[in-house]
Amino acid sequence: MDDYILQLDRIEKSFGDVKVLKGLSLSVRPGEFITLLGPSGCGKTTTLRIIAGLEKPDKGKVYLEGKDVTNEEPNKRNVNTVFQNYALFPHMTVEGNISYSLRLKRLDRAKIKKAVSEALELVQLVGFEKRMPHELSGGQKQRVAIARAVVNEPKVLLLDEPLGALDLQLRRQMQTELKRLQKHLGITFVYITHDQEEALNMSDRIAVMRDGKFEQIGTPQEVYDHPKTSYVARFVGSANIIKGTAYNVNEHTVVFKNDAGIGVVAKYSGNIAHGQKVTVAVRSEHIKLNLVNYNSNVTGLKGVVKEKTFAGGLLQIIVALADGNELVASRHGIDSSLVPGDDVIVTWAPGNAVLVDLEGAHEKETI
Amino acid sequence: MKNNTKLANFYLGLILVLMYLPIIIVIIYSFNSSRISSVWGGFSLKWYEELLRDKSMFDAMANSLILASSSSILAAIIGTLAAVGMPKVNLRSKGVIEYISTLPIMIPEIILGMVFLTYFSLIRLPFGMITLVIAHTSFCIPYVYMLVKARLVGIDKSLVEAAKDLGASEIRAFFDITLPLILPAILSGMLLSFAMSLDDVVISIFVTGVNTNTLPIKIYTQLKTGVTPKINALSTLMLGATLLICLLSVWIGKLGSHHREDLKMEGN
């Protein structure tokens, strides 16, 4: 328990009749970069506000460095927040904003000045001390907000979609910078985003949220390669979800069939019974499309190429399966020999498919 | 098309003349050397000199200034507290309370005056400066309340949360963040109150005592005994003072406005 810097224990929270958080538990190690990933309205921001102390949970506890801070006011917690809209004080200069927490602590002037200039150096805004917030660009405001939060040397830094308002190029740049900053400072980051790419790029661990609950908590690789539920598989890297019935189960693989044909999936754990319904996730880049010709004896799912689109360096081929479902295959490069109307057999390497939505797939509610 | 603009300009001119001609005439006649108001006897400053010699006028002016400053300051404090505190009140009757607190603006002054008169005699409060200050404060509060409330709506509530997050207590966050941001609204509400109090006749007549004259009451009673151009001179001076206050209030309002734009931008 002492190994964790921040722990949430079965947090519940309602606003009026709406239950926003339904028993969240999370343990964060010192120096970790953990991302809460989920669509808007899933309760990410509320979770963050509860950690900051800006909301009180209805049930459950918040521990900081092993100490119960559930009922502590925000100003008594060694946690700082970078707000979604930056929340810079419009009537103070950049220097005034950054030094605010230090002035509250009544540090002497020389110390404050030194800390402010170090913070500005950290976010590469040296020389901006006397600017007012309305004289800054979006990216600069973002940096000031970060400097203001880290100058206080918090144990945990909370970031609420800090890059949401920036354009794509600046986002990419700030992602790298934030990661560098986190490494450099060694502060624990709790980061909120709805952008799965951002989460995969930056995090040590990702907690995928859905409807006030964690679906899966794990490293980016775990979440990406071994999603536990179809929701996670679809949300992180938009995998294809295929349903079927198991009919041949051995130690390492499960063969299943549905109206479109048969598929094979690797089995890592759990008991699959013959005749059990299974759900399988396969990423679009792992889907192989085999053109049907006279001497083909490939087994897989039957389908017809429906559409080809090219976006962001990826060619996407949409296949209509014989059972009426659709799936997407993607390739790097601009073209493939397949054209709409071609009959194909869909296959994949068993190791690239994952069984999801098994019993007990959800995160347990205790620590 | 051209005809239309001509018509519009004519209309504008007419309205402006209707509104400001009487004022201009008073200003011009305050420099009239003739005793009879309607006859122009040449330029003179003698009415201003006479005004300066009139001690009772000065007493009345002093009273008015004391009254206007104390009631506008009191209204600023009470109105601001109300506007800041109201969002934190969690009552079902909140809407009703909010409505009632702005009502004095809509109630006819003559009725307000009557009400104050009855009430003060009921509780046996001696009429004089105290009753004047209470009455003026209460009709000034809504102006401050409404201006400050409007300003508060435009302030992102995450600013106060950010201050608390950075280590400020609730009270500290109010003084460091909220107060500086609503200060322009408080000041313009206060100046508006000052102007309203300075020229109030109706309510003042009801609640003043025999020995306390305010400037508007003094002017009003003098009118009954015959208009001397001295009144014109006095009116001109008061006009100047009121204009100054209005300009000051606009200027203060502008001072705060870039913050507001900034808040909106950040909100997006």
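Here is the interface size for A with B: some 2300 Å² of accessible area buried, both sides summed, with a 1.4 Å probe.
Subtracting the Cα-Cα distance of A:VAL292 and A:LYS113 from their residue separation scaled by 0.36 nm leaves 57.2 nm. Shown are B:TYR48, A:TYR100, B:TYR99, whose ranking by accessible area with a 1.4 Å probe and every protein chain present, most to least, is B:TYR99, B:TYR48, A:TYR100. If you bin all the Cα-Cα distances of chain A at 10 Å, starting from zero, the percentages per bin are 5, 21, 25, 21, 15, 9, 4, 1, 0. Couplings 3J(HN,Hα) for segment A:166-178, derived from phi with the Karplus relation 6.51 cos²θ - 1.76 cosθ + 1.60 (θ = phi - 60°), are 9, 6, 4, 5, 5, 4, 4, 5, 5, 4, 4, 5, 4 Hz, where x marks Gly and Pro.
Tally up the carbon and sulfur contribution to the accessible surface of chain B as a whole percent, 1.4 Å probe, everything protein left in place. It is 73 percent, rounded to a whole number.
Here chain A exposes an accessible surface that is 48 percent carbon and sulfur, computed with a 1.4 Å probe and the other protein chains kept in place. Panel note: contact residues of segment A:121-145 (accessible area lowered by at least 40 Å² against the chain on its own; 1.4 Å probe) correspond to A:HIS134, A:LYS141.
Rolling a 1.4 Å probe over the heavy atoms of the protein chains gives chain B an accessible area of 57 Å² per residue. B:VAL160 exposes around 40 Å² of accessible area when a 1.4 Å probe is run over every protein chain in place.
Using a cut-off of 32 Å between Cα atoms, the listed pairs B:LYS94/B:LYS218; A:LYS130/A:LYS155; A:LYS44/A:LYS114 include B:LYS94/B:LYS218; A:LYS44/A:LYS114 as exceeding that distance.
Calculated accessible area for chain A comes out at 47 Å² per residue, all protein chains present (probe 1.4 Å; ligands, DNA, RNA ignored). With θ taken as phi - 60° and the coefficients 6.51, -1.76 and 1.60, list the Karplus ³J(HN,Hα) couplings across segment A:130-146 in order, rounded to whole Hz; mark glycine and proline as x. The phi angles translate into 8, 6, 8, x, 6, 9, 9, 7, x, x, 5, 4, 4, 5, 5, 4, 5 Hz. If R0 equals 22 Å, the separation of the Cβ atoms of B:ALA241 and B:ILE77 corresponds to a calculated FRET efficiency of about 0.40. Of all the stretches in chain A, which is the longest one without any exposed loop site, taking trypsin sites (Lys or Arg not before Pro) in a DSSP loop (any state but H, G, I, E, B) with at most 14 other Cβ atoms within 10 Å? The reported range is A:131-363. Here is the P(r) of the protein assembly as shown: all C-alpha pair distances, binned every 20 Å from 0, give 15, 32, 26, 17, 8, 2, 0 in whole percents. At an R0 of 30 angstrom, the distance between the Cβ atoms of B:LYS254 and B:ILE134 translates into a FRET efficiency of 0.35.
Here is the size of segment A:40-84 from its Cα atoms: Rg then Dmax, 10.5, 31 Å. Sorted largest first by accessible area at a 1.4 angstrom probe radius, with every protein chain in place, the residues B:LEU51, A:LEU54 fall in the order A:LEU54, B:LEU51. Buried on complex formation within segment B:168-186 (loss of at least 10 square angstrom of accessible surface versus the isolated chain, 1.4 Å probe, ligands and nucleic acids ignored): B:ALA168, B:SER169, B:ARG172, B:ASP176, B:ILE177, B:PRO180, B:LEU181. Scanning chain B for trypsin sites (Lys or Arg not before Pro) in DSSP loops with at most 14 neighbouring Cβ atoms within 10 Å leaves B:158-268 as the longest stretch between them. Taking each residue as 0.36 nm, the span from A:LYS59 to A:GLU12 lengthens on full extension beyond its C-alpha to C-alpha distance by 16.4 nm. Candidate cross-link partners of B:LYS46 among the aspartates and glutamates, defined by an alpha-carbon separation under 16 Å and a same-chain spacing of 8 or more, comprise B:ASP54. Shielding by partners for peptide A:89-99, expressed as the average number of C-beta atoms from other protein chains within 10 Å of each residue's C-beta, is 4. With 21 Å as the limit, the listed pairs A:LYS243/A:LYS308; A:LYS22/A:LYS59; A:LYS141/B:LYS164 have A:LYS243/A:LYS308 beyond it between alpha carbons. Residue separation of B:SER34 and B:GLU50 scaled by 0.36 nm, minus their Cα-Cα distance, works out to 4.4 nm of gained length.
The values are calculated or read from the model by the stated rules, or taken from the named source; none is laboratory data. This is a predicted model, so every value here is computed, not measured. Here Cβ is always computed from backbone atoms with ideal geometry, including for glycine, and neighbour counts include all displayed protein chains. Just the protein is used for accessible areas: all its heavy atoms, side chains included, with ligands, DNA and RNA removed. Shrake-Rupley method; radii C 1.70, N 1.55, O 1.52, S 1.80 Å.
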